[in-house]
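The values are calculated or read from the model by the stated rules, or taken from the named source; none is laboratory data. Keep in mind it's a predicted model, so treat the numbers as computed, not measured. With ideal geometry, Cβ positions are generated from the backbone for all residues, glycine too; neighbour counts draw on all protein chains shown. Ligands, DNA and RNA are stripped out before the accessible areas are found, and what is left, the full protein with its side chains, is counted by its heavy atoms. Shrake-Rupley method; radii C 1.70, N 1.55, O 1.52, S 1.80 Å.
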Amino acid sequence: MDGVVSRQPSAVRGQERDDVARSVSAMVTIAPSPAGLQSARNEQLLEVRDLKTHFFTRKGVAKVLDGLSFHVGKGEIVGLVGESGSGKSVTGFSIVRLLKHPGRIVGGEVVFEGRDLTKLSEEEIQEIRGKQVSMIF
């Protein structure tokens with residue numbers, strides 16, 4: 001499919017990581033909408049900026065993602081890898097806003113086709129989730 005980008009995310013706390021993965025356990029697939037295809041040609045298709053996802057538990061706050069940043073350009077295929085428990089799945093769930101309690105995005109931006117997905121209503125994100133941005137296990 002032309003214009004499809006896949007990325008296996010990894011939570012590298014506070015820094016960008018661009019290691020290409022040979023085998024993947026979780027993938028985030030991003031495809032531009034027909035309307036956004038033209039505008040995406042000279043821009044980043046997905047940009048994650050300073051993403052912070054924390055889990056609030058009785059034992060305290062687990063800062064699973066604490067300043068994660070990366071971008072995906074149109075047509076780019078990149079894998080981000082990390083150890084078990086490093087936040088790869090949490091990154092994907094944060095991007096598509098499918099975090100379960102006690103997880104919560106507390107900062108940063110997830111910009112897809114110029115729109116910050118963290119600011120969209122549930123109805124708006126449902127129009128994007130699964131159609132343009134999805135997770136594959």
Q: Convert 20 °C to kelvin, take the viscosity as 1.002 mPa s, use the Kirkwood radius over C-alpha pairs of the range 74-113 as Rh, and evaluate the Stokes-Einstein diffusion coefficient in µm²/s, rounded to a whole number.
A: 180
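Top to bottom by accessible area (1.4 Å), largest first, where do 48, 90 land?
My answer, sorted largest first, is 90, 48.
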Q: Compute the separation of the alpha-carbon centres of the range 103-137 and the range 54-98 and state it in Å as a whole number.
A: 13
Q) Treating the beta-carbon of each Lys and Arg as +1 and of each Asp and Glu as -1, no other charges, what is the dipole magnitude of the range 67-120 about its Cα centre, to the nearest 20 debye? A) 220
Q | Rg(Cα) / (2.2 N^0.38 Å) computed for the range 68-137, rounded to two decimals | A | 1.12
Q | Heavy atoms of residue 124 accessible to a 1.4 Å probe, total area in Å² rounded to 10 | A | 80
